[in-house]
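Worksheet: the structure to be examined is printed underneath.
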Amino acid sequence: MSADHFVTILSVGQWSETINMTELFTRNIYTFKSLREDLKFMLSHRKLVKKTMQDLDHAFVEKIMTVVTAVNGCRYCAWFHARQAVSSGISPEEVQRMMKLQFQADANEEELMALLYAQHYAETRCNPSPEMTEKLIDAYGAEKAEEIQIVIRMITFGNLSGNTFDAFLSRFKGVKAEDSSPFFEFVFFFFGAPFLLPLLPKLRSELN
């Protein structure tokens with residue numbers, strides 16, 4: 001993918017450093033409780049995570065992850081999964097459309113329900129309706145639906161991790177996340193810095 005394509009993709013959503021930085025940091029972030037619950041879930045389902053990544057098509061997984069990322073607005077995941085999506089065979093133009101949640105025309109019949117559910121899951125902040133979950137199971141069967149939900153949980157973990165890291169950085173610009181603990185954000189930043197700080201120069205260079 002060309003540099004111009006990546007600039008367009010990274011400029012689409014909330015992960016730009018200048019977009020939506022108003023009085024409050026509005027992206028979905030972790031609390032201590034929700035982080036603990038997600039870590040517990042991932043550790044207890046690690047065998048299913050491994051099986052899911054073996055069973056599902058790589059491009060299908062990347063489409064799900066891209067749609068969730070488009071809603072949650074994690075700039076680190078957007079940067080990484082744009083590249084992963086293209087390497088899986090998805091065109092840069094389709095990735096751009098997914099980042100704008102304009103995926104229905106591109107998605108085939110097998111993919112569409114999963115992508116709609118992924119969008120719904122993220123937009124409801126991890127509280128999908130029973131009706132949408134039932135539609136997912138009806139479309140794919142219980143086993144594959146569970147694997148799709150695992151993919152969504154995985155990328156949500158990545159998205160919220162990146163957003164929580166950014167929530168701490170945004171405090172230095174006078175933009176605070178509502179009902180968030182500065183101490184928790186600092187601890188999260190401390191442990192996340194070795195992984196995410198090296199990405200910032202790359203993100204900035206592609207947005208400039």
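Any read-out appearing in this document is the output of simple, stated calculations on the displayed coordinates, not a laboratory observation. The shown structure was predicted, so the numbers you read here are calculated from the model rather than taken from an experiment. All Cβ positions, glycine included, derive from the backbone under ideal geometry; neighbour counts span all protein chains shown.
Let's see how each residue does on (1) free of Cβ contacts under 8 Å to residues at least 60 places away in the same chain; (2) surrounded by fewer than 17 Cβ atoms within 10 Å (Cβ to Cβ):
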position: TYR30; (1), (2): no, no
position: ARG36; (1), (2): yes, yes
position: LEU43; (1), (2): yes, yes
position: ARG46; (1), (2): yes, yes
position: THR66; (1), (2): yes, no
position: VAL71; (1), (2): yes, no
position: ARG75; (1), (2): no, no
position: HIS81; (1), (2): no, no
position: ASN108; (1), (2): yes, yes
From the list GLU93, GLU143, exactly one residue is surrounded by fewer than 17 Cβ atoms within 10 Å (Cβ to Cβ) and farther than 16 Å from ALA59 by Cβ. Which is it?
GLU143
Output the qualifying pairs, or none if there are none: Cβ atoms under 9 angstrom, residues six or more apart or on different chains, first residue in the range 138-151 and free of Cβ contacts under 8 Å to residues at least 40 places away in the same chain, second residue crowded, with 21+ Cβ neighbours inside 10 Å and not in a helix (DSSP H, G or I).
none
Out of all the residues in the range 69-105, which are outside any helix (DSSP H, G or I) and of a type in the set (Ser, Thr, Tyr)?
SER88, SER91
Any residue at all in the range 141-163 that's assigned to a loop (DSSP other than H, G, I, E, B), more than 17 Å from MET65 (Cβ to Cβ) and in contact with a strand residue (DSSP E or B) (Cβ under 8 Å, 6 or more places away or on another chain)?
no
Assess whether GLU123 counts as being surrounded by fewer than 17 Cβ atoms within 10 Å (Cβ to Cβ) and either more than 17 Å from the chain's Cα centre (by Cα) or under 29 Å from LEU199 (Cα atoms) (or both).
yes
Scan the range 127-135 and tell me whether some residue there is without any contact (Cβ under 8 Å) to a residue 24 or more places away in the chain, part of a helix (DSSP H, G or I), over 20 Å from THR26 (Cα atoms) and of a type in the set (Ser, Thr, Tyr).
yes
It is to be established whether one or more residues within the range 33-48 are in a loop (DSSP other than H, G, I, E, B) and within 15 Å of ARG153 (Cβ to Cβ).
yes
When the residues of the range 155-208 are narrowed to those that are of a type in the set (Gly, Ala, Ser) and more than 30 Å from HIS58 (Cα to Cα), which ends up nearest to the chain's Cα centre (by Cα)?
ALA167
LEU101, sole failed condition from (1) within 15 Å of the chain's Cα centre (by Cα); (2) within 21 Å of MET42 (Cα to Cα); (3) crowded, with 16+ Cβ neighbours inside 10 Å:
(2)
Give me the residue from the range 180-208 that is outside any helix (DSSP H, G or I) and touching a residue at least 60 places away in the same chain (Cβ under 8 Å) and, out of that set, surrounded by the fewest Cβ atoms within 10 Å (Cβ to Cβ).
SER181
